[in-house]
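Quick notes on the structure that follows.
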Amino acid sequence: MTSDLSVEVGGLELRGPVLAASGTFGYGTEVPLLERRALGAMVSKGIFLKPRAGTAPPRIAETPSGMLNAIGLQGPGVDGLIRDYAPKWAAWDFPVLVNINGESAAEYGELSARLDGVPGVAGFEINISCPNVEQGGMYFGNDPRAAASVTEAVRRRTKLPVWVKLTPMVSDIGIIARAVEAAGADALSAVNTFVGMSMDLNAYQPRLSFRTGGLSGPAIRPLAVHLAHQAARAVDIPVIGVGGIMRAEDALEFLVAGCRAVQVGTATFVNPNAIAEVHDGIAAFMAAKGFASLSELPRYLPRD
Amino acid sequence: MWRLFLTDAPLVERRGVARDMWVLGFAAPEIAASVKAGQFVNIGLRLGSLLRRPFSVYRAEGDRIEVVLKAVGVGTAQMLAMREGDVASCLGPLGCGFDLSRPAKSVTLVSGGLGVAPMPLAVRDARAAGLHVTWVHGARTADELCSETDGDDVILATDDGSAGFAGTVVAAAPDADLVLACGPNRMLAAVSQRWPQAQVAVETYMGCGTGVCLGCAVPLTGGGYDRACTEGPVYLAADVDWQALPSHLSYAVSA
């Protein structure tokens, strides 16, 4: 049998539950992609209003079963995005959400207003969780009032779907999740990278020039499954699980933990076909278990 | 647009070319048929490190590509422990290689230590372009010199004077219409002082190799960064801000 893998997530009908995570797929135009048939949606590299050079190298360091990155949201700014990328997205057969960033709630609002109505832009993922910028980023994401004010600022300026990407660097992710839900978010992405550090034993200083970086990869997966589950228990809007998914079984863990969909990130660095392989593995699991659609997959989501 | 191949490539050969320096040959026909000098492959092992590791393609003949490496970390040690028939995942060819299409009659290849990596293909492509090839190769000491240098003229140099010219490759190299260089970034900075128009293949940390992670940032003299994996790894020497490019990786690389 063939199972139906389509899902509705925060205002978008997706052909599959496996999405490309922000910052791991560029703007979707970088490489001759091997396979994109299975891509449910793409979340673009994070963008600010203005172009940003990014941080000095070294920007990445491999760690056990993971990697630290401090790219610093290098990017062309909203004008470059509208000029160079959105027109291409408009022709694609999967939706593209723009990961938006700002140093103030007003900047997030301004950015969403600039992009609202641009052909090719299907929605927004508010990034209140980037650990690699000096201003804004994660600092909005660990204060429920700041998180809500950013979400409201975007919600007021657009009718497109608004997702919010949460940081794991909080003591209770449920508080943040409820705050942004109340502020009008359509879905949550849980979670962004964890803040980490690694030392260079020749130079006696951090391996990254930014000193700290965001930890991703399989090293964080059980942490991310737990946080996504906690977020899913706290809200009624869909949660998209993110964190260390390498294979279909990893994605299925997030789905069973209460997520509606998943994002694959670091795995794409290792294997450009990772998204297609995760998608196909989920399909094989569903067929083997006899589930006709993703809504039949049992979720472990006890209510408090 | 160029084609990118992802292939499980069996190891077909291993040979030593200097003390602790090895050439590994993999059967990867599509990559072998299309790779240009200065391009690289990103290699991963099933039970190895999470991220792939970039290697300049050393030679490409028939259905085989070769890479050159030293055991500098866990990943390279794992690769050197491979047996014939063991499979590595190869993604490539990646990056922009050397540009040999400019009008020229002669080329000097300058390599330090593992910087030999792109040079055999550069010799191949330079000969095909009808150039007179001088290859200047250096290392710290005689037994670290790669034994497979080639060209119309070959000049060797060692830091300790145990073979060839006593001193740096940059001091030993003759001028030519084109200069191509690869080696530790501090050597390339010296190349840039003497030949701002040289084409240099830089070494950086690298994540994906395909242009999406932005981890392999190369600081440019004109400001900003671009990607060693995509716009590079070959740059015009004068375009790189050598002060801002990390001068060495966390492991020792012979100059």
* Which members of the stretch B:224-242 meet the condition of being closer than 18 Å to B:GLN197 by Cα and either aromatic (Phe, Trp, Tyr) or open to solvent by 30 Å² or more (accessible area, probe 1.4 Å) (or both)? -> B:GLU231, B:TYR235, B:LEU236, B:ALA238, B:ASP239, B:ASP241, B:TRP242
* Asked: How many of the residues in the stretch A:37-59 are open to solvent by 10 Å² or more (accessible area, probe 1.4 Å) and either among the hydrophobic types (A, V, I, L, M, F, W, C) or on the phi > 0 side of the Ramachandran plot (or both)?
  -> 5
* To do: Please specify each residue of the stretch A:248-271 satisfying the condition of being under 17 Å from the mean Cα position of the chain (by Cα) and either of a type in the set (Lys, Arg) or closer than 21 Å to B:LEU6 by Cβ (or both).
  => A:ASP250, A:ALA251, A:ARG260, A:VAL264, A:GLY265, A:THR266, A:ALA267, A:THR268, A:PHE269
* Does the stretch A:145-171 hold any residues that are open to solvent by less than 50 Å² (accessible area, probe 1.4 Å) and without any contact (Cβ under 8 Å) to a residue 40 or more places away in the chain, and which are they? -> A:ALA147, A:ALA148, A:THR151, A:VAL164, A:THR167, A:VAL170
* Which residues, taken from the stretch B:167-190, are under 17 Å from B:VAL234 (Cβ atoms) and small (Gly, Ala, Ser)? -> B:ALA176, B:ALA181, B:GLY183, B:ALA189
* Restricting the stretch B:73-97 to residues that are in a loop (DSSP other than H, G, I, E, B) and closer than 25 Å to B:GLY211 by Cα, the residue that is modelled with the lowest pLDDT -> B:GLY73
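Kindly indicate which of B:ALA32, B:ALA37, B:ALA28 is in contact with a strand residue (DSSP E or B) (Cβ under 7 Å, 6 or more places away or on another chain), away from chain A (no Cβ under 12 Å) and within 17 Å of B:GLY97 (Cα to Cα).
Numbers: B:ALA37 fails: in contact with a strand residue (DSSP E or B) (Cβ under 7 Å, 6 or more places away or on another chain); B:ALA28 fails: within 17 Å of B:GLY97 (Cα to Cα).
Only one candidate qualifies: B:ALA32.
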* Tell me which residues, restricted to the stretch A:240-253, are over 20 Å from A:MET67 (Cβ atoms) and part of a helix (DSSP H, G or I). => A:ALA248, A:GLU249, A:LEU252, A:GLU253
* Taking A:SER104 and the conditions (1) at pLDDT 95 or above; (2) more than 17 Å from the chain's Cα centre (by Cα), which numbered condition does it fall short on, given that it satisfies the others? -> (1)
* Do you know which of the residues in the stretch A:269-286 that are surrounded by 22 or more Cβ atoms within 10 Å (Cβ to Cβ), touching a residue at least 60 places away in the same chain (Cβ under 8 Å) and in a helix (DSSP H, G or I) is farthest from the other protein chains (Cβ to nearest Cβ)? -> A:MET286
* Structure fact -> Per the filter on the stretch B:156-184, residues closer than 23 Å to B:ARG59 by Cα and surrounded by fewer than 20 Cβ atoms within 10 Å (Cβ to Cβ) are B:LEU156
* Near pairs, Cβ below 8 angstrom, 6+ apart or cross-chain, from the stretch B:7-35 (open to solvent by 10 Å² or more (accessible area, probe 1.4 Å)) to any residue that is assigned to a strand (DSSP E or B) and among the hydroxyl-bearing types (Ser, Thr, Tyr) -> B:THR7/B:SER89; B:ASP8/B:SER89; B:GLU30/B:THR7
* Structure fact -> Requiring at least 2 residues that are modelled with pLDDT of 95 or more and either more than 14 Å from chain B (Cβ to nearest Cβ) or open to solvent by 20 Å² or more (accessible area, probe 1.4 Å) (or both), the strands (runs of 3 or more DSSP E) wholly within the stretch A:172-239 are A:187-190, A:194-196
* Asked: Given the conditions (1) at pLDDT 90 or above; (2) within 16 Å of A:VAL242 (Cα to Cα), which single one is not true for A:PRO131?
  -> (1)
* Asked: Of the residues in the stretch A:245-268, how many are within 11 Å of chain B (Cβ to nearest Cβ), crowded, with 24+ Cβ neighbours inside 10 Å and of a type outside the set (Ser, Thr, Tyr)?
  -> 2
* Applying the selection to the stretch A:86-103, what residues are under 24 Å from A:ASN192 (Cα atoms) and open to solvent by 40 Å² or more (accessible area, probe 1.4 Å)? -> A:GLU103
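Being more than 14 Å from every other protein chain (Cβ to nearest Cβ) and in contact with a His (Cβ under 8 Å, 6 or more places away or on another chain) is the requirement here; does B:THR149 meet it?
Taking the combined requirement at face value, the residue satisfies it.
Restricting attention to helices (runs of 4 or more DSSP H) lying wholly within the stretch A:26-122, give those where 3 or more residues are free of Cβ contacts under 8 Å to residues at least 12 places away in the same chain and facing chain B (nearest Cβ under 9 Å).
So the answer is none; nothing clears 3.
The values are calculated or read from the model by the stated rules, or taken from the named source; none is laboratory data. These numbers come from a predicted model, not from an experiment. Backbone-built Cβ (ideal geometry, glycine too); neighbour counts: all protein chains shown. Remember, those area values only see protein heavy atoms, side chains included, never the ligands or the DNA or RNA. Shrake-Rupley method; radii C 1.70, N 1.55, O 1.52, S 1.80 Å.
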